[in-house]
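The values are calculated or read from the model by the stated rules, or taken from the named source; none is laboratory data. Just so it is clear, the structure is predicted and the values come from calculations on it, not from any experiment. Cβ sites come from the backbone with ideal geometry, for glycine too, and all protein chains shown count toward neighbours. With ligands, DNA and RNA removed, areas are computed over all heavy atoms of the protein, side chains included. Shrake-Rupley method; radii C 1.70, N 1.55, O 1.52, S 1.80 Å.
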Amino acid sequence: QVQLVESGGGLVQPGGSLRLSCVASTTIFSFNVWGWYRQPPGKQRELVARIISGSGLNYADSVKGRFTISRDNEKNTVYLQMNSLKPEDTAEYYCYIRISPYDTWSWGQGTQVTVSS
């Protein structure tokens, strides 16, 4: 099973930026979906952004125009660039991947993002 390690979280003021990284432990030759969920305090986990192989990118409405997901094949890494951060973006952010042939899900350990003045 693929191991995912996130980094890049932290404390940032409203309006600031952060870039999250998600590194896979092995070379990813093929995947179904690779992306990010988040879980705000006291709330359920929600999809933030994802790359769907062969289909493109999806974003939650709440982050469209502010967040950008991208992938570096050589580094086996997915990034989440977060700009114009708001207090409501405060959450634990989790990277996940779904890999063929069995659509196996793997999750990272999470990285905390806190947006506060």
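Per residue, the range 47-117 exposes 51 Å² of accessible surface when a 1.4 Å probe is rolled over the protein heavy atoms with every protein chain present.
Computed over the Cα atoms of the range 3-72, pair by distinct pair, the Kirkwood hydrodynamic radius stands at 13.7 angstrom. Taking every DSSP bridge with both residues inside the chain, close to 90 percent are antiparallel.
Restricting the calculation to Cα atoms, the chain shows an Rg/Rh of 0.96 when the hydrodynamic-style radius is the Kirkwood one. In a DSSP loop and with at most 13 other Cβ atoms within 10 Å, the chymotrypsin sites (Phe, Trp or Tyr not before Pro) in the range 35-117 are Y102. Applying a DSSP loop filter and a limit of 16 other Cβ atoms within 10 Å to the trypsin sites (Lys or Arg not before Pro) in the range 21-103 leaves K43, R45, K64, R66, K75. Here K86 is the anchor, and the lysines within straight C-alpha reach of less than 20 Å, apart from those fewer than 8 places off in the same chain, are K43, K64.
Evaluated with a Cβ-only charge set (Lys, Arg +1; Asp, Glu -1), the chain carries a dipole of roughly 120 debye about its Cα centre, given to the nearest 20.
Within the accessible area of the chain, the carbon and sulfur atoms contribute 46%, probe 1.4 Å, all protein chains present.
Separation of the range 1-33 from the range 59-76 is 10 Å, based on Cα centroids. Summary value for the chain: 37 percent relative contact order, contacts being C-alpha pairs under 8 angstrom separated by 6+ residues.
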